[in-house]
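Visitor: Quick one: the structure is below, questions incoming.
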Amino acid sequence: MRLRKGENQKMKRPILETRRQVMSTVVSAYPGGRECAASRLGLGNVKKLDNHVYENAGSQPLTDEQVHMLEQQAGTTHLPDYICALYGGVYVAMPEAEALDNLELYTRSLTTDVKKGQVDQVIAQALADGVINEAELAAIIAAHREHIAARHSEVSAVIILHTGARP
């Protein structure tokens, strides 16, 4: 599967519970690491970037625009995933019409099936002892959100490819 702008291809993504965790994860995922992220944002050095990420020395956190800029190049969607999760929703990047063909639809279908299987595996592992604890609940919900996002993206791709309209 090809990596497209704004699409995170990792099978296992961390459960990010705070905006600070999001910023730290985005900076870590940036190609070239923290040094390159600091340079891209025009902050000069890693210490200044860290001050913004961890809100040290009276520094303001990175803005949404700054995080978005880093995520565009890193190919991640941690910030929208985090914000959508706050509202109980799911972020779905809409597919680009020019990148769609029947092979891409098949690939999206397989991805959706894999993510559904991952949800079922997480549930089975959680139920092994007969009780679902907080960490297992968070893992189930995170896997479920990824499955729902993949399914929505799959359905949207079919609609876009065969009608040219965005759902």
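Read-outs: derived from the displayed coordinates by stated rules, not from any lab. Computed from a predicted structure; not experimentally measured. Methodologically, a virtual Cβ is constructed for each residue, glycine included, from the backbone with ideal geometry; neighbour enumeration extends over all protein chains shown.
Visitor: Suppose we keep only residues that are part of a loop (DSSP other than H, G, I, E, B) and of a type outside the set (A, V, I, L, M) within region 90-143. Which one would you say is surrounded by the most Cβ atoms within 10 Å (Cβ to Cβ)?
Guide: 95
Visitor: Need the failing condition index for residue 73 against (1) part of a helix (DSSP H, G or I); (2) among the polar types (S, T, N, Q); (3) more than 18 Å from residue 29 (Cβ to Cβ), just the number.
Guide: The single condition residue 73 does not satisfy is (3).
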